[in-house]
Amino acid sequence: MRQFIVEAHVKKGHLQLHDVPFPDETELKVIVVPKVNLAKMSFAAMRKLTKPIRARLSEDVRTERDQR
């Protein structure tokens, strides 16, 4: 699975991506993560920040690979 990481800004509730290396009409799964310096955060702070994420991303990726 190809991955592309880009920094962007949300303006008035909208996120726009430009010059992404994927063909038009490609279906994507987008994960939006606020930019923070995790290296300077304590483990407890990182856990608090990521705890609300209910998805099991590694399992989602594995499931999608198995379906191909």
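What follows draws every value from the coordinates through simple rules; no lab data is involved. Only a predicted model underlies this, so the values are computations on that prediction, with no experimental measurement involved. Cβ coordinates were reconstructed from backbone atoms using ideal geometry, including for glycine residues, and neighbour counts include every protein chain displayed.
Determine the pairs where a residue that is at negative phi, located within the range 3-23, has a partner that is assigned to a loop (DSSP other than H, G, I, E, B) and of a type in the set (S, T, N, Q) with Cβ atoms under 8 Å apart, the partner being 6 or more residues away or on another chain.
Ala8/Gln16
Taking the range 1-27, which residues are assigned to a loop (DSSP other than H, G, I, E, B) and more than 28 Å from Arg65 (Cβ to Cβ)?
First, the residues of the range 1-27 that are assigned to a loop (DSSP other than H, G, I, E, B): 1-9, 12-13, 16-27.
Of everything in the range 1-27, those that are assigned to a loop (DSSP other than H, G, I, E, B) and more than 28 Å from Arg65 (Cβ to Cβ) turn out to be His9, Lys12, Gly13, Gln16, His18.
For the range 28-43, does any single residue satisfy the condition of being in a loop (DSSP other than H, G, I, E, B), of a type in the set (D, E, K, R) and more than 13 Å from Ile5 (Cα to Cα)? Spell out the reasoning first.
Step one: of the range 28-43, the residues in a loop (DSSP other than H, G, I, E, B) are 28-37, 41-42.
The next check asks that each one be of a type in the set (D, E, K, R); those that pass are 29, 35.
This time we only want the ones that are more than 13 Å from Ile5 (Cα to Cα), so: none.
Checked against the condition, which is being in a loop (DSSP other than H, G, I, E, B), of a type in the set (D, E, K, R) and more than 13 Å from Ile5 (Cα to Cα), the range 28-43 yields no hits at all.
Looking only at the range 12-53, which residues are of a type in the set (Phe, Trp, Tyr) and exposed (fewer than 10 other Cβ atoms within 10 Å of the Cβ)? Walk me through how you get there before you give the answer.
Narrowing the range 12-53 to residues of a type in the set (Phe, Trp, Tyr): 22, 43.
Within the range 12-53, just Phe43 meets the criteria.
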